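Visitor: Before I ask anything, let me first share the structure, which is written out below as structure tokens.
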Amino acid sequence: MSAYYFRVIVDNKPNGYIGFVYAESKHDLFYVIDEFCDPYSVQIKKAHYGGYCRFIDIEKDEFDKEQNEFSEGEPLLEEKGWRDPKWEDFPYYYLK
């Protein structure tokens, strides 16, 4: 299982959106990122650790959007280590 941060790139620069994903395969990684944005518009960076904690009201079976915490491991401003993912080794039907 691999964990990555991803950031959205627009006009050759980060637009401010950053995410955290983990997946068992490159195929799964592609589709998890696809749940948030276009996987062809991101750069990725290997995550060494990270996490979040969310409050879920069990009686109402819903979560409180205001009560979320994320670990301090996010590389928000760090430029080192980001790279373009190599999706091109997927079968042709995964490509644009």
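Read-outs: derived from the displayed coordinates by stated rules, not from any lab. Here the structure is a predicted model, which is why all the values come from computation and not from measurement. No Cβ is skipped: glycine too gets one built from the backbone with ideal geometry, and neighbour counts run over all protein chains shown.
Visitor: According to a simple spin-label model (label point 7 Å from Cα along Cα-to-Cβ), what is the distance in nm between Q67 and F36?
Guide: 2.4
Visitor: For a protection proxy built on the mean count of beta-carbon atoms within 10 angstrom, sort 28-35, 1-8 highest first, please.
Guide: Going from most to least packed, we get 1-8, 28-35.
Visitor: Classify the stretch 22-68 as rounded, prolate or oblate from the Cα gyration tensor: take a ≥ b ≥ c as the square roots of its eigenvalues, call it rounded if a/c is under 1.5, otherwise prolate when a/b beats b/c and oblate if not.
Guide: Prolate shape, in that a/c is at least 1.5 and a/b is the bigger ratio.
Visitor: If you stretched the chain out fully between S2 and D28, how much longer would it get, using 0.36 nm times the residue separation minus the C-alpha to C-alpha distance?
Guide: 8.3 nm
Visitor: Let me ask something else about it. Starting from the Cα coordinates of the stretch 2-88, work out the convex hull volume and express it per residue in Å³.
Guide: 121
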